[in-house]
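Data block below; observations after.
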Amino acid sequence: MAIITLTTDFGLKDHFSGTLKGAIYKELPDAKIVDISHQISPFNIHECAYILENSYKNFPEGSIHIVGVDAEPTQENQHIAVLVDGHYFITANTGVIGLITSELKPEKAVEIHLPNVTSGPFPTRDILVQVACHIARGGTLEVVGKPFDQLKELRDFSPRTNENGKKITGSVIYIDNYGNVVTNIHKKFFLGYRKGRDFEIQARTTKLKEIHDNYSDIINFDLDKNRRKGAGDLLAIFNSSGYIELAIYKSNLSTVGGASTLLGLDYRDTVIINFL
């Protein structure tokens, strides 16, 4: 049986995430359920897309991903089921699919219409779960909806170039558990404009001129320990998802702070790369 994943902004205090699992097990006692995250910031589609984009690829093809973020249906926020990159996504038409699979074309997409089902205040349970269970049983998308070709695209958060390619202007899209700041500037995008030039990353008043491949690359082991950079020092890195990330080496957000607090950066704040 296909794996069903859950990504929501429900948090862990309330009963909602447990209710979803109960509803799935009620339909499919042998279901395989995986929590990706229930701690997406409320209604934060970009954060949801970042986490889901970097999670779903590690699951086998045919996996079913329920996305319970801003899932209340409206005329402009239709419930949809999409097959893309061999995976099923059951979600509202918030733009999250376009952000997850910006370079991929969906194989199928339908607007969900379930007969004799009325959406109440918990549509993720009442509708999205039902569709996921249908697919897990081997059902097709055509049974639960009609073809849909109006997937929203959120382009306001794409990095921009200006000054004839001398500058990239990006934004903070995610801050992780360590306080590391993830930008929307991907390695491929950066290298496509760099063309061998020196560069300078500017985050508020802080500037960096090097991007590492590993966190520990900040340490020059040829130097004496008291002269090395190390814990508490700032670095830039291409993270495991390929995005430029600003981090404090071996930081602890709850004690000494992380890059987000020490640089004063938050979601949507600007990070600039100047080519020299």
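The values are calculated or read from the model by the stated rules, or taken from the named source; none is laboratory data. In this text, all values refer to a predicted model and were calculated from it rather than measured experimentally. As a convention, Cβ positions derive from the backbone with ideal geometry for all residues, glycine included, and neighbour counts pool all protein chains shown.
Considering each residue of the range 202-222, count those that are part of a loop (DSSP other than H, G, I, E, B) and either outside the structural domain of N184 (by TED's automatic domain parsing) or of a type in the set (A, V, I, L, M, F, W, C) (or both), and give that number.
Here is the first cut: in the range 202-222, the ones part of a loop (DSSP other than H, G, I, E, B) are 204-205, 209-211, 213-214, 219-222.
Next, only the ones that are either outside the structural domain of N184 (by TED's automatic domain parsing) or of a type in the set (A, V, I, L, M, F, W, C) (or both) stay: 211, 219, 221.
Of the residues in that region, 3 qualify.
For (1) outside any helix (DSSP H, G or I); (2) β-branched (V, I, T); (3) touching a helix residue (DSSP H, G or I) at 6+ places or on another chain (Cβ under 9 Å); (4) over 15 Å from G145 (Cβ atoms), each residue gets a yes or a no:
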position	(1), (2), (3), (4)
D35	yes, no, yes, yes
P42	yes, no, no, yes
H46	no, no, yes, yes
A49	no, no, yes, yes
L52	no, no, yes, yes
E61	yes, no, no, yes
I66	yes, yes, yes, yes
V82	yes, yes, yes, no
V117	yes, yes, yes, no
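Could you run through the range 71-80 and say how many residues are in contact with a helix residue (DSSP H, G or I) (Cβ under 8 Å, 6 or more places away or on another chain) and farther than 12 Å from T7 by Cβ? Step through it out loud before you land on a result.
Of the range 71-80, the ones in contact with a helix residue (DSSP H, G or I) (Cβ under 8 Å, 6 or more places away or on another chain) are 71-73, 79-80.
With the extra rule that they be farther than 12 Å from T7 by Cβ, the set shrinks to 72-73, 79-80.
So the answer is 4.
Among I218, I273, I201, which is the only one that is in contact (Cβ under 8 Å) with a residue 24 or more places away in the chain, surrounded by 12 or more Cβ atoms within 10 Å (Cβ to Cβ) and touching a helix residue (DSSP H, G or I) at 6+ places or on another chain (Cβ under 8 Å)?
Details: I218 fails: touching a helix residue (DSSP H, G or I) at 6+ places or on another chain (Cβ under 8 Å); I201 fails: touching a helix residue (DSSP H, G or I) at 6+ places or on another chain (Cβ under 8 Å).
Exactly one residue qualifies, and that residue is I273.
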- Message: If I filter the range 170-185 for residues that are farther than 30 Å from D35 by Cα and charged (D, E, K, R), do I get at least one hit?
- Response: no
- Within the range 84-109, track down each residue that is modelled with pLDDT of 95 or more and either part of a strand (DSSP E or B) or out of contact with any helix residue (DSSP H, G or I) (no Cβ under 9 Å at 6 or more places or on another chain) (or both). V84, G86, H87, Y88, F89, I90, T91, A92, N93, E107, K108, A109
- Restricting the range 68-78 to residues that are without any contact (Cβ under 8 Å) to a residue 60 or more places away in the chain and in a strand (DSSP E or B), which is surrounded by the most Cβ atoms within 10 Å (Cβ to Cβ)? N77
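Sort out which residues of the range 246-272 are of a type in the set (A, V, I, L, M) and assigned to a strand (DSSP E or B), and write them in order of number.
L246, A247, I248, V271, I272
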- Check S251 against each of (1) free of Cβ contacts under 8 Å to residues at least 60 places away in the same chain; (2) surrounded by 14 or more Cβ atoms within 10 Å (Cβ to Cβ); (3) of a type in the set (S, T, N, Q); (4) over 15 Å from I173 (Cβ atoms) and name the one condition it does not meet. (1)
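Being in contact with a Gly (Cβ under 9 Å, 6 or more places away or on another chain) and not hydrophobic (A, V, I, L, M, F, W, C) is the filter here; which residues of the range 16-32 pass it?
Initial filter on the range 16-32 (in contact with a Gly (Cβ under 9 Å, 6 or more places away or on another chain)): 16-17, 20.
Listed by number, the list holds a single entry, S17.
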- The lone condition H186 fails out of (1) surrounded by fewer than 15 Cβ atoms within 10 Å (Cβ to Cβ); (2) of a type outside the set (S, T, Y); (3) within 27 Å of the chain's Cα centre (by Cα) is (1)
- Query: Within the range 223-245, which residues are in a loop (DSSP other than H, G, I, E, B) and either under 17 Å from D213 (Cβ atoms) or in contact (Cβ under 8 Å) with a residue 40 or more places away in the chain (or both)?
  - Reply: K229, D233, N239, S240, S241, G242
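Please specify each residue of the range 50-108 satisfying the condition of being among the aromatic types (F, W, Y) and under 22 Å from A136 (Cβ atoms). Can you show your working first?
Pass one, the range 50-108, residues among the aromatic types (F, W, Y): 50, 56, 59, 88-89.
Correct list: Y56, F59, Y88, F89.
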